[in-house]
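Asks: Have a look at this one before I ask anything.
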Amino acid sequence: MNRFLFFIGLIALGLNVMAQKQYYYYKGDTVHLNENPLIRFVEIKQTVSLEQAHSFHEQLGNYCWRTDKHSSYFNKYYINQDNYEDFLQTCLDNSSIIKLHTPNYADDDTSAFYPTRMILVKTKPNVVLQNVLIQNSISYSNLIQSRYNSLEYIIHLNKDSALCYAARLFETGLFDYAEPDFI
(Lines give C-alpha, C1' and ligand atoms only; values in the text may rest on other atoms or scores of the structure.)
Protein backbone atom coordinates (compact mmCIF):
# COMPACT_ATOMS: atom_id res chain seq x y z
CA MET A 1 0.00 0.00 0.00
CA ASN A 2 2.84 2.40 0.85
CA ARG A 3 4.49 1.72 -2.51
CA PHE A 4 1.23 2.45 -4.28
CA LEU A 5 0.82 5.80 -2.49
CA PHE A 6 4.47 6.66 -3.16
CA PHE A 7 3.98 5.87 -6.87
CA ILE A 8 0.82 7.99 -7.05
CA GLY A 9 2.69 10.83 -5.31
CA LEU A 10 5.50 10.66 -7.87
CA ILE A 11 3.00 10.80 -10.73
CA ALA A 12 1.24 13.80 -9.17
CA LEU A 13 4.56 15.57 -8.66
CA GLY A 14 5.56 14.90 -12.26
CA LEU A 15 2.27 16.24 -13.60
CA ASN A 16 2.59 19.34 -11.44
CA VAL A 17 6.08 20.04 -12.80
CA MET A 18 4.87 19.55 -16.40
CA ALA A 19 1.87 21.85 -15.89
CA GLN A 20 3.77 24.83 -14.56
CA LYS A 21 1.86 28.05 -14.27
CA GLN A 22 2.72 31.01 -16.40
CA TYR A 23 3.17 34.30 -14.60
CA TYR A 24 3.92 37.96 -15.04
CA TYR A 25 4.38 40.91 -12.70
CA TYR A 26 1.84 43.66 -12.14
CA LYS A 27 2.74 46.52 -9.80
CA GLY A 28 5.57 44.36 -8.47
CA ASP A 29 3.30 41.44 -7.52
CA THR A 30 3.45 38.07 -9.24
CA VAL A 31 0.26 37.19 -11.11
CA HIS A 32 -0.04 33.44 -11.76
CA LEU A 33 -2.03 32.24 -14.75
CA ASN A 34 -3.32 28.77 -15.55
CA GLU A 35 -3.13 27.75 -19.20
CA ASN A 36 -6.05 26.07 -20.93
CA PRO A 37 -4.48 24.84 -24.18
CA LEU A 38 -7.85 23.66 -25.52
CA ILE A 39 -9.07 27.24 -25.93
CA ARG A 40 -7.01 29.30 -28.37
CA PHE A 41 -7.15 32.63 -30.15
CA VAL A 42 -5.90 32.74 -33.71
CA GLU A 43 -5.44 35.98 -35.61
CA ILE A 44 -4.73 35.95 -39.33
CA LYS A 45 -2.62 38.61 -41.02
CA GLN A 46 -4.65 41.41 -42.61
CA THR A 47 -2.78 40.87 -45.90
CA VAL A 48 -4.53 37.51 -46.35
CA SER A 49 -7.61 37.55 -48.60
CA LEU A 50 -11.04 37.11 -47.03
CA GLU A 51 -11.45 33.86 -48.97
CA GLN A 52 -8.17 32.46 -47.58
CA ALA A 53 -9.07 33.58 -44.06
CA HIS A 54 -12.53 31.99 -44.30
CA SER A 55 -11.09 28.74 -45.68
CA PHE A 56 -8.46 28.58 -42.92
CA HIS A 57 -11.05 29.23 -40.19
CA GLU A 58 -13.25 26.47 -41.61
CA GLN A 59 -10.27 24.13 -41.57
CA LEU A 60 -9.56 24.93 -37.89
CA GLY A 61 -13.26 24.58 -37.07
CA ASN A 62 -13.09 20.91 -38.09
CA TYR A 63 -11.13 20.24 -34.89
CA CYS A 64 -13.36 22.20 -32.52
CA TRP A 65 -16.61 21.73 -30.71
CA ARG A 66 -17.23 25.47 -30.80
CA THR A 67 -15.87 28.63 -32.43
CA ASP A 68 -16.52 32.18 -31.25
CA LYS A 69 -16.34 34.23 -34.42
CA HIS A 70 -15.13 37.74 -33.75
CA SER A 71 -14.14 38.73 -37.27
CA SER A 72 -12.90 37.22 -40.51
CA TYR A 73 -9.37 37.56 -39.19
CA PHE A 74 -9.68 36.89 -35.46
CA ASN A 75 -11.49 34.01 -33.73
CA LYS A 76 -11.57 31.95 -30.55
CA TYR A 77 -11.54 28.14 -30.82
CA TYR A 78 -12.64 25.47 -28.33
CA ILE A 79 -10.66 22.43 -29.44
CA ASN A 80 -11.78 18.82 -29.06
CA GLN A 81 -9.09 17.15 -26.97
CA ASP A 82 -8.75 14.30 -29.48
CA ASN A 83 -8.03 16.83 -32.25
CA TYR A 84 -5.55 19.04 -30.38
CA GLU A 85 -2.46 17.85 -32.29
CA ASP A 86 -4.27 18.23 -35.64
CA PHE A 87 -5.32 21.77 -34.72
CA LEU A 88 -1.74 22.72 -33.80
CA GLN A 89 -0.34 21.08 -36.93
CA THR A 90 -2.81 23.00 -39.11
CA CYS A 91 -1.66 26.23 -37.46
CA LEU A 92 1.98 25.26 -37.98
CA ASP A 93 1.34 24.38 -41.63
CA ASN A 94 -0.24 27.81 -42.12
CA SER A 95 2.16 29.85 -39.98
CA SER A 96 2.90 32.21 -42.87
CA ILE A 97 -0.65 33.60 -42.68
CA ILE A 98 -1.00 33.65 -38.87
CA LYS A 99 -0.28 36.88 -37.02
CA LEU A 100 -1.04 35.58 -33.51
CA HIS A 101 -1.74 32.14 -32.07
CA THR A 102 -2.14 32.02 -28.30
CA PRO A 103 -3.72 29.77 -25.67
CA ASN A 104 -6.23 30.89 -23.09
CA TYR A 105 -4.91 31.80 -19.65
CA ALA A 106 -7.01 32.33 -16.55
CA ASP A 107 -6.13 33.85 -13.19
CA ASP A 108 -7.51 32.66 -9.88
CA ASP A 109 -10.70 34.65 -10.56
CA THR A 110 -11.08 32.70 -13.85
CA SER A 111 -10.83 35.86 -15.95
CA ALA A 112 -9.65 34.98 -19.46
CA PHE A 113 -6.37 36.38 -20.77
CA TYR A 114 -4.89 36.13 -24.27
CA PRO A 115 -1.41 37.64 -24.49
CA THR A 116 -0.51 39.57 -27.63
CA ARG A 117 3.01 39.94 -28.98
CA MET A 118 3.54 43.21 -27.12
CA ILE A 119 5.18 44.09 -23.81
CA LEU A 120 4.70 47.44 -22.09
CA VAL A 121 7.84 48.50 -20.22
CA LYS A 122 9.28 51.37 -18.24
CA THR A 123 13.05 51.22 -17.91
CA LYS A 124 14.94 52.59 -14.98
CA PRO A 125 17.08 55.66 -15.79
CA ASN A 126 20.24 55.06 -17.84
CA VAL A 127 19.07 51.65 -19.12
CA VAL A 128 19.46 51.08 -22.87
CA LEU A 129 16.48 48.90 -23.78
CA GLN A 130 17.97 47.51 -26.99
CA ASN A 131 21.02 46.24 -25.06
CA VAL A 132 18.83 44.50 -22.47
CA LEU A 133 16.80 42.82 -25.23
CA ILE A 134 19.96 41.58 -26.95
CA GLN A 135 21.47 40.33 -23.66
CA ASN A 136 18.27 38.37 -22.95
CA SER A 137 17.96 36.99 -26.51
CA ILE A 138 14.58 38.62 -27.02
CA SER A 139 13.76 38.99 -30.70
CA TYR A 140 11.58 42.00 -31.51
CA SER A 141 10.28 43.68 -34.63
CA ASN A 142 9.67 47.18 -33.32
CA LEU A 143 10.14 49.45 -30.30
CA ILE A 144 7.81 52.38 -29.80
CA GLN A 145 8.86 55.02 -27.30
CA SER A 146 6.15 56.90 -25.45
CA ARG A 147 5.84 60.53 -26.41
CA TYR A 148 5.00 61.40 -22.81
CA ASN A 149 7.76 59.52 -20.95
CA SER A 150 11.12 58.72 -22.56
CA LEU A 151 11.53 55.65 -20.30
CA GLU A 152 8.30 53.94 -21.45
CA TYR A 153 8.18 51.68 -24.52
CA ILE A 154 6.02 49.16 -26.30
CA ILE A 155 8.05 46.17 -27.49
CA HIS A 156 6.60 44.30 -30.47
CA LEU A 157 7.90 40.73 -30.29
CA ASN A 158 8.60 38.37 -33.18
CA LYS A 159 7.17 35.42 -31.21
CA ASP A 160 4.11 34.72 -29.07
CA SER A 161 6.09 34.76 -25.82
CA ALA A 162 5.00 37.98 -24.14
CA LEU A 163 4.32 36.32 -20.78
CA CYS A 164 7.72 34.73 -20.27
CA TYR A 165 9.66 37.63 -21.83
CA ALA A 166 7.85 40.23 -19.71
CA ALA A 167 8.64 38.25 -16.55
CA ARG A 168 12.26 37.77 -17.64
CA LEU A 169 12.69 41.51 -18.26
CA PHE A 170 11.14 42.52 -14.93
CA GLU A 171 13.34 40.02 -13.07
CA THR A 172 16.48 41.75 -14.39
CA GLY A 173 15.79 44.61 -11.97
CA LEU A 174 16.26 47.13 -14.80
CA PHE A 175 12.56 47.96 -15.18
CA ASP A 176 9.93 49.74 -13.10
CA TYR A 177 7.45 47.50 -14.92
CA ALA A 178 7.41 45.02 -17.80
CA GLU A 179 3.88 43.79 -18.48
CA PRO A 180 2.47 41.71 -21.33
CA ASP A 181 -0.35 43.22 -23.33
CA PHE A 182 -3.55 41.16 -23.27
CA ILE A 183 -6.66 40.78 -25.39
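Asks: List the residue pairs whose Cβ atoms are under 8 Å apart, where the first residue sits in region 66-82 and is under 17 Å from S49 (Cβ atoms) and in contact (Cβ under 8 Å) with a residue 60 or more places away in the chain, the second is charged (D, E, K, R) and outside any loop (DSSP other than H, G, I, E, B), and the two are 6 or more positions apart or on different chains.
Replies: Sorted first by the residue in region 66-82, then by its partner, the list stays empty.
Asks: So, one more: Please name all residue pairs, on different chains or six or more residues apart, with Cβ atoms under 6 Å, provided the first residue is in region 169-180 and is within 8 Å of K124 (Cβ to Cβ) and the second residue is of a type outside the set (V, I, T) and part of a loop (DSSP other than H, G, I, E, B).
Replies: Taking only residues 6 or more apart or on different chains, the pairs are L174/K124.
Asks: Going by what's in this entry, would S146 be described as within 24 Å of V48 (Cβ to Cβ) and loosely packed, with under 15 Cβ neighbours inside 10 Å?
Replies: It is false that S146 is within 24 Å of V48 (Cβ to Cβ) and loosely packed, with under 15 Cβ neighbours inside 10 Å.
Asks: Hey, could you check region 9-45 for residues that are open to solvent by less than 80 Å² (accessible area, probe 1.4 Å) and modelled with pLDDT under 50 and say which is farthest from N94 (Cα to Cα)?
Replies: Among those that are open to solvent by less than 80 Å² (accessible area, probe 1.4 Å) and modelled with pLDDT under 50, it is G9.
Asks: Does T90 meet the test of being of a type outside the set (D, E), touching a helix residue (DSSP H, G or I) at 6+ places or on another chain (Cβ under 7 Å) and part of a helix (DSSP H, G or I)?
Replies: When the stated conditions are applied, T90 passes them.
Asks: Another one. Restricting attention to region 151-172, report how many residues are part of a loop (DSSP other than H, G, I, E, B) and crowded, with 21+ Cβ neighbours inside 10 Å.
Replies: The qualifying residues number 0.
Asks: Test N36 against the stated conditions and say whether it is touching a His at 6+ places or on another chain (Cβ under 8 Å) and assigned to a strand (DSSP E or B).
Replies: Answer is no for this residue.
The values are calculated or read from the model by the stated rules, or taken from the named source; none is laboratory data. None of these values were measured; they are calculated from a predicted model. All Cβ positions, even for glycine, are placed from backbone atoms using ideal geometry, and neighbour counts span all protein chains on display. Ligands, DNA and RNA are stripped out before the accessible areas are found, and what is left, the full protein with its side chains, is counted by its heavy atoms. Shrake-Rupley method; radii C 1.70, N 1.55, O 1.52, S 1.80 Å.
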